[in-house]
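The block underneath contains the structure these notes are about, expressed in C-alpha cells.
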Amino acid sequence: MTVLNQLKDAYSKAANVEEKTHALQQLLAHCGYLYYVKDAPEMEDYEYDKLYRELVELETAHPEYITSYSPTQRVGAKLTGDFPKVIHGRPMLSLSNVFNADEVRAFGERVRKELGHTPEYVVELKIDGLAVNIHYENGLFTRAVTRGDGKVGEDVTANVRTIQSVPLYIENAPPYIEIRGEAYMPHKEFQRINEEREAAGIATFVNPRNAAAGSLRQLDPAMTASRNLDFFAYAIGMEEGANIHSQKELLEALESYHFHVNPHYTLCHTIDDVVERIAYWDEERHNLPYDTDGMVIKVNSFEDQEQLGATVKDPRWATAYKYAPDEVETIVNDITINIGRTGVLTPTAELEPVFVSGTNVARATLHNGDFIKDKDIRIGDHVLIHKAAEIIPEVIKAFPEKRTGNEVVFTMPTQCPICNSPTVRREGEVAVRCSNPHCPAVEKEKIIHFASRDAMNIEGLGPSIVESLIRYKLISTVADLYKLTEDQLITMERMGKKSAQNLVKAIAESKSRGLGRLLFALGIRLIGAKAGQTIAQQFPSMDALMNTTEEDFTHIAEIGPTMAASLVQYFKEPHHRELIEELRALGVVMEETIEVPQGDELAGETIVLTGTLASMGRKEAGDLLASHGAKITGSVSKKTTMVIAGEEAGSKLTKAESLGIRIVYEAEFLELIKDWQ
C-alpha cells in the first residue's frame, strides 16, 4: 500500500472530529509534497480541492485542532512595519568566484595541497534566487530568515511558509536544524506575472531573481503565495544531532526530509571531472525552467571542509564558477508601439537581427516609457541584449559612446497611433494607455485573445482573420463573432465557401467550451487559464460568480486577495455584465461541467506530446490521456515516461531518444486508446 493510500485509509477510519482533522492535515500535506516537490501528483485536483475545503470547515468549527503545519496555515495575516532583524547563529558566507577551467584547477590544486590528498567534490547548479535559512525545532517550521549581509538577515517567516515546496513539518528530524537554500521564481511564473503587471500598467520585474526577492519582502503573505515561488535546499546551518558527514549525504537527507533538492548535482572524483560537468552545463542550463548563474563546487567530506576552514568572507572548501553572460550587441533600427487588450501602449525595439541563446532575435520589449528614459535608449543606438528568464528578449543597456549624433530620442505618444484618442497615464502607474475603451486596436487584441487556444480555442480564427473581419466591418466585439454568417464571410478576400463554413462551425463549437475557458477568454485582469479553471471548479456557474464576494474567492487556495478584488471589480462594471448577458443570449455556455476521471490506466505516467497527430489535435489527445490518469507536460526530462510522436516531431523526440524514454507513434497511440472512446 502506498503512503498516500495509507493516509487515505487513516482518514476514512477516523473515529472522531479530532482524528479526522489530523488525518486530513497529514493526507493533504503529503499530496502537497508529491505535487510541489516530487512533481508526481497522485490525487486529482478536484479531489484535493474537496478535501481541502472539508479541512477548512473542520478547522473553522474546531479551531482547537488547528496545527502550525496544517496546509491551511500557509498564508498568515498581513505584517505591519519593517521585517525584524535576526542574527544568524552560523554566518551565511558568500562564495569566492572562478571564471575558467584553469582557475577551477588552481582551486583544486590548493585544496589538494592543504588536505594532503585529492578529495571528492559535489558540483551543483547555482540557482539565481534569494538565500534563506529556515529553522526547525523538533521537526516544526519555526522561523525563516534571509541571508542579508551574511551575519544579520530579515525575518520572512510568514512569507516562506507560503512556499508549497517548503515542508511545515519534518518527520524524523533532529531536535534542531537550520535548512539553507534558495527561494526562486520559475520562468513560467516570471513570464505570467510580468504579463499581468504589464497589462495592469505596473512596472515589470527585470529578472526572476528580483521578482523572487520582491515577493519575499511583501507585507501581505497572500501576495507572496500568489507568486508561486519555489525553494531548493542545499545546506544546513546550526544543528543538533544531524549526524551527516558529507555534502552528498546532506542532499540525500534533505530529500528524505521532503525538501525540493535540485536533482542535477554530481559527485566528482577528480577536478577534471568537475571541469567536465561545468562544460556540460554551459549549454544545458539554457533548457532549465529556472535561472542559474553558475555552478557551485564543494569539497564533499565535512571532515575535509572542517580542516580547510574559511576566511572572514568565504569558505575555503567551496567556490562558484561563473559562466560568461549570453549577451549580444546589436542596433535599434526603430521603436514601435503595440497596443494590448487593456489599452496599454508597449514600446518595442526593432533590432538588427542577432543570434541569442539559441534563436535569432529581431525584436525586444522596452516595457514602458520610464524604462526607455532610465536606460537612455535611442533609435539608432548600439545596445546590449539578452533573454530574460531565457525566454524574453530584453535590452540591457545602450552604448552612448558609440553614438554618431544621428540617433533619435524617443517619447511615448500623446495620441493613440490607431484611433488618435489622447493617451493617459494613471497616477502611480508606469503604463501609458489609449483613453478610448472601444479603440479598434484594443478590441482587436481582445478578440484575438478570446479566440486563442487556451481561451475559446476557435480553430481558424487567427490574428490575420480577425484583422480582416474588423477591416470588412463584420465584427467590432467578441460577441459579434457569434453573429457571423457564411454569406458575410464569403464577401472577404480569399475566404471561400468551404473556409466560411468551417469558421462558422468552429465559432459555434466554441460556445460549449465551459465557464473556466470563458473566464480566461474575457480577459479579466490577473486571471490566467489555470486560475479560470480553478475558479470554475469551485463556482461552476456565471450567476454564482457574479454574486461572489472577495472573501469567498480567497477561500480558493490559489486565489489571493488581489486576484479576488480583480474578479469582483470586473463583475461590477455594467459594460462587462452587458457583454456577459449578450454572450449568454447568443448561446455561450455559462456553466462548468465538473469532470470525473474516466480511468486510471495511465496513473504514474508523465507524457509529452510532440509533432502533429492526424487523428486528433494535441489538446484533445492530452485531455484524453489526462482523463485516464496521465500527467501531461510540455518538455522532455528524466521524469518523462512516454513521448507520443506525430508527424514532424522535432527536438523533443530527439531528446527522448537520447534519454531512452519510450516513444509511442500514432498507430500505437490509437491502439492504446481504442477501448476508451
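For segment 124-157, which residues satisfy the criterion of being of a type in the set (Val, Ile, Thr), within 24 Å of residue 185 (Cβ to Cβ) and touching a residue at least 40 places away in the same chain (Cβ under 8 Å)?
Across segment 124-157, the qualifying residues are 127, 132, 134, 145, 146, 156.
Scan segment 643-677 for residues that are more than 12 Å from residue 612 (Cβ to Cβ), surrounded by fewer than 16 Cβ atoms within 10 Å (Cβ to Cβ), among the charged types (D, E, K, R) and within 31 Å of the chain's Cα centre (by Cα) and jot them down.
657, 662, listed by residue number.
If a residue has to be part of a helix (DSSP H, G or I) and either in the same structural domain as residue 387 (by TED's automatic domain parsing) or of a type outside the set (Lys, Arg) (or both) to count, how many in segment 270-309 make the cut?
So the answer is 22.
Which of the residues spanning segment 275-313 are of a type in the set (Gly, Ala, Ser), within 18 Å of residue 102 (Cα to Cα) and surrounded by 14 or more Cβ atoms within 10 Å (Cβ to Cβ)?
294
Go through (1) part of a helix (DSSP H, G or I); (2) out of contact with any Ser or Thr (no Cβ under 6 Å at 6 or more places or on another chain); (3) outside the structural domain of residue 270 (by TED's automatic domain parsing) and name the single condition residue 92 misses.
Tallying (1) part of a helix (DSSP H, G or I); (2) out of contact with any Ser or Thr (no Cβ under 6 Å at 6 or more places or on another chain); (3) outside the structural domain of residue 270 (by TED's automatic domain parsing), residue 92 fails exactly one: (1).
Quick check on my filter: what residues within segment 568-607 are part of a loop (DSSP other than H, G, I, E, B) and either within 19 Å of residue 540 (Cα to Cα) or among the β-branched types (Val, Ile, Thr) (or both)?
Answer for segment 568-607, where residues must be part of a loop (DSSP other than H, G, I, E, B) and either within 19 Å of residue 540 (Cα to Cα) or among the β-branched types (Val, Ile, Thr) (or both): 587, 588, 589, 590, 592, 593, 594, 595, 596, 597.
Among the residues of segment 362-403, write down those that are assigned to a loop (DSSP other than H, G, I, E, B), touching a residue at least 40 places away in the same chain (Cβ under 8 Å) and over 27 Å from the mean Cα position of the chain (by Cα). Step through it out loud before you land on a result.
In the first step, residues of segment 362-403 are kept if they are assigned to a loop (DSSP other than H, G, I, E, B); the result is 366-368, 376-377, 380-381, 389-391, 399, 403.
Next cut, touching a residue at least 40 places away in the same chain (Cβ under 8 Å) only: 367-368, 377, 380-381, 389-391, 399.
Matches in segment 362-403: 377, 380, 381, 399.
I'm trying to understand the selection: among the residues of segment 211-234, which are in a loop (DSSP other than H, G, I, E, B) and polar (S, T, N, Q)?
218, 228
Could you tell me which residue of segment 1-13 is nearest to residue 38 (Cα to Cα), considering only residues that are modelled with pLDDT under 90 and part of a loop (DSSP other than H, G, I, E, B)?
Applying the filter and picking the extreme gives 2.
Can you confirm whether segment 436-443 contains a residue that is of a type outside the set (Phe, Trp, Tyr), buried (at least 20 other Cβ atoms within 10 Å of the Cβ), closer than 20 Å to residue 347 by Cβ and over 28 Å from the mean Cα position of the chain (by Cα)?
yes
Report yes if residue 364 is assigned by TED's automatic domain parsing to the domain that holds residue 428, among the small types (Gly, Ala, Ser) and at pLDDT below 95, otherwise no.
Numbers: assigned by TED's automatic domain parsing to the domain that holds residue 428: yes; among the small types (Gly, Ala, Ser): yes; at pLDDT below 95: yes.
It is true that residue 364 is assigned by TED's automatic domain parsing to the domain that holds residue 428, among the small types (Gly, Ala, Ser) and at pLDDT below 95.
Tell me, which strands (runs of 3 or more DSSP E) lie completely within segment 314-361 with 2 or more residues that are surrounded by fewer than 18 Cβ atoms within 10 Å (Cβ to Cβ) and at negative phi?
Where strands (runs of 3 or more DSSP E) fall fully within segment 314-361 and carry at least 2 residues being surrounded by fewer than 18 Cβ atoms within 10 Å (Cβ to Cβ) and at negative phi, they are 328-339, 344-356.
Would you check if there is a residue in segment 388-410 being more than 30 Å from residue 354 (Cα to Cα), surrounded by fewer than 20 Cβ atoms within 10 Å (Cβ to Cβ) and not assigned by TED's automatic domain parsing to the domain that holds residue 290?
Within segment 388-410 (the criterion being more than 30 Å from residue 354 (Cα to Cα), surrounded by fewer than 20 Cβ atoms within 10 Å (Cβ to Cβ) and not assigned by TED's automatic domain parsing to the domain that holds residue 290), the answer is no, since none of the residues qualifies.
Sort through 506, 544 and tell me the only one that's of a type in the set (A, V, I, L, M), in the same structural domain as residue 568 (by TED's automatic domain parsing) and not in a loop (DSSP other than H, G, I, E, B). Working first, answer last.
Working: 506 fails: in the same structural domain as residue 568 (by TED's automatic domain parsing).
Among 506, 544, only 544 is of a type in the set (A, V, I, L, M), in the same structural domain as residue 568 (by TED's automatic domain parsing) and not in a loop (DSSP other than H, G, I, E, B).
With the requirement that a residue be crowded, with 18+ Cβ neighbours inside 10 Å and among the β-branched types (Val, Ile, Thr), what does segment 459-503 give you?
Across segment 459-503, the qualifying residues are 465, 466, 475, 478.
Filter segment 53-84 for residues that are at pLDDT below 85 and in contact with a helix residue (DSSP H, G or I) (Cβ under 6 Å, 6 or more places away or on another chain) and give the result.
Matches in segment 53-84: 75, 76.
Go through the residues of segment 37-49 one by one and say whether even a single one is hydrophobic (A, V, I, L, M, F, W, C), in contact with a Gly (Cβ under 8 Å, 6 or more places away or on another chain) and more than 30 Å from residue 319 (Cβ to Cβ).
Yes, that holds for at least one residue.
Among 336, 311, which is the only one that is in contact with a strand residue (DSSP E or B) (Cβ under 9 Å, 6 or more places away or on another chain) and polar (S, T, N, Q)?
336
Tell me yes or no: at least one residue of segment 152-166 is within 21 Å of residue 248 (Cα to Cα) and either touching a Phe, Trp or Tyr at 6+ places or on another chain (Cβ under 9 Å) or modelled with pLDDT of 95 or more (or both).
For segment 152-166, residues within 21 Å of residue 248 (Cα to Cα) and either touching a Phe, Trp or Tyr at 6+ places or on another chain (Cβ under 9 Å) or modelled with pLDDT of 95 or more (or both): present.
Restricting attention to segment 418-425, does a residue exist that is part of a strand (DSSP E or B) and touching a residue at least 60 places away in the same chain (Cβ under 8 Å)? Explain how you work it out, then say what you get.
Just the residues of segment 418-425 that are part of a strand (DSSP E or B), to begin with: 422-424.
Checking which are touching a residue at least 60 places away in the same chain (Cβ under 8 Å) leaves us with 423.
Within segment 418-425, one or more residues are part of a strand (DSSP E or B) and touching a residue at least 60 places away in the same chain (Cβ under 8 Å).
For residues that are touching a helix residue (DSSP H, G or I) at 6+ places or on another chain (Cβ under 8 Å) and not in a loop (DSSP other than H, G, I, E, B), scanning just segment 37-52, find the one that is modelled with the lowest pLDDT.
46
If you check residue 271 against the conditions, is it in contact with a strand residue (DSSP E or B) (Cβ under 8 Å, 6 or more places away or on another chain), closer than 30 Å to residue 434 by Cβ and surrounded by 15 or more Cβ atoms within 10 Å (Cβ to Cβ)? Walk me through how you get there before you give the answer.
Details: in contact with a strand residue (DSSP E or B) (Cβ under 8 Å, 6 or more places away or on another chain): yes; closer than 30 Å to residue 434 by Cβ: no; surrounded by 15 or more Cβ atoms within 10 Å (Cβ to Cβ): yes.
The answer is no for residue 271.
The values are calculated or read from the model by the stated rules, or taken from the named source; none is laboratory data. Quick caveat: nothing in here was measured; it's all calculated off a predicted structure. Note that we place each Cβ from the backbone using ideal geometry, even for glycine, and neighbour counts take in every protein chain shown.
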